[in-house]
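Below: the structure, in structure tokens.
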């Protein structure tokens, strides 16, 4: 075995000096950008880190496989929090459940013994250089680390590959799914359920596997991005979210990364598309051309770093500003929650400028996926946190009563005005009428009405008095 060989994700890293005891982790910043400022003599390996779980587990496995590594330098843009999770692992360790103590979204493979992970923490030092923007001094820093040789701290260790929980896919059309909720955190629970239950399991372009739904639409009605309703299970805090907002709602550039959504929307080749949207809707409130795009044909058609968010469209309706965002690709586990909060913030900013109310936010994800590395965590969250399924929807409410040997159903709007009436002698005929009228949008509401109509039919057959929402008093 070569003293500098890496066993995990070796195809994704650059191997340097076999005598070096230093590894570089560049997070979301391209390693090629860092390599412009240093030579291969400065490091043993250099690679990027996107994932809090699979990526960090691979680093731990490689450190145990090659115990000559004594320093891990963390540098670059930490867009997903993977760098913070890695640093947290070395500073605070992990719990008995293999979860990183400082990060609810980060976990180390259960196949690696806790004692071995602790051995890495004791013998490998992590250096946090995420704030460094001038890489001209990086070479000197690495040279200093390489100046003190410590040697290996033990023999190589190899552990069984991580085996994710078995998953199954339920039958569906495979495309065209709808999730609605007032708030983003609780909508995310429903999103996880949809993708894990109905997603097609398939390979990715990143030597990984995924579960993927096509064209998942999520509609958020009431979220306030300035006072966000963040549940603990989403894995980030209000402060984390506010630090993320500028990547979407500001044109400010971020050193070490090529672009942000905010840069593409507000300062791509000098064009501020959001300002254009505001001007257009100010002069023409009914316009359907208030659109901002992030995709640059010349730059993105052949780029592996092309934007996932492709388009936003703002429409004013009933004196409210509605925003629709289209994603070509969307990591629903790690990216969608923050994406949605930031888009909601962008929506409120536009609405404030237009002096309108704020309508719903809709995200449409062409490829809505969860990576295999998150299957277990997603399953755990789904098992522990049940979303509240409402028994009514915005299409109205229904009053059921029995009169003159028939069952009546009154359809009322949100102002309690009767807008339609249906009647029949049995539950099935009324269910068919309601389905044909396309007046039901929520599954739990439909199930509730089906149960109530069956009760009404039993009451009609037995001569029992029927009261909606109350149990029958059968003779």
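Assorted remarks:
- Inter-part distance where segment 260-330 and segment 197-249 are each reduced to a Cα centre, Å: 19
- Each of 374, 283, 385 was scored by other Cβ atoms within 10 Å of its Cβ. Arranged with the fewest first, they read 283, 385, 374.
- Helical runs (DSSP H, four residues minimum) scored at -39500 (n - 2.57) apiece and divided by the length of the chain put the mean residue ellipticity at 222 nm at -9500 deg cm²/dmol.
- Helix axis angle, 427-436 relative to the chain longest principal axis, alpha carbon, degrees: 60
- Once the Cα atoms are used to define both axes, helix 273-283 deviates from the longest principal axis of the chain by about 30 degrees.
- Segment 287-336: C-alpha gyration tensor shape, a/c 1.5 cut-off, then a/b vs b/c: oblate
- Model label sites at residue 473 and residue 237, defined 7 Å from Cα along the beta-carbon direction, differ in position by 5.7 nm.
- Space enclosed by the convex hull of the alpha-carbon atoms of segment 397-462, per residue, Å³: 74
- C-alpha center-to-center spacing [segment 63-105, segment 331-382] in angstrom: 26
- Take 347-357, 123-133 and order them by the average number of nearby Cβ atoms within 10 Å per residue, most first; the result is 347-357, 123-133.
- Each of 175, 53, 367 was scored by other Cβ atoms within 10 Å of its Cβ. Arranged with the fewest first, they read 175, 367, 53.
- Relative to the longest principal axis of the Cα atoms of the chain, the long axis of helix 336-354 makes an angle of roughly 70 degrees.
- Within the chain, the proportion of C-alpha pairs whose separation exceeds 29 Å stands at 59%.
- Radius ratio Rg over Rh of segment 175-384, counting only Cα atoms, Kirkwood formula for Rh: 0.96
- In terms of other Cβ atoms within 10 Å, 217, 332, 196, 263 run from fewest to most in the order 217, 263, 196, 332.
- Gap separating the Cα centres of segment 142-176 and segment 450-475, nearest whole Å: 59
- Estimated inter-spin distance, residue 130 and residue 306, nm [label 7 Å along Cα→Cβ]: 3.0
Every number here is computed from the coordinates shown, using simple stated rules; none is lab data. This structure is a prediction, so every number in the text was calculated from the model and none was measured. For neighbour counting, all protein chains shown are included, and Cβ atoms are generated from backbone atoms with ideal geometry for every residue, glycine included.
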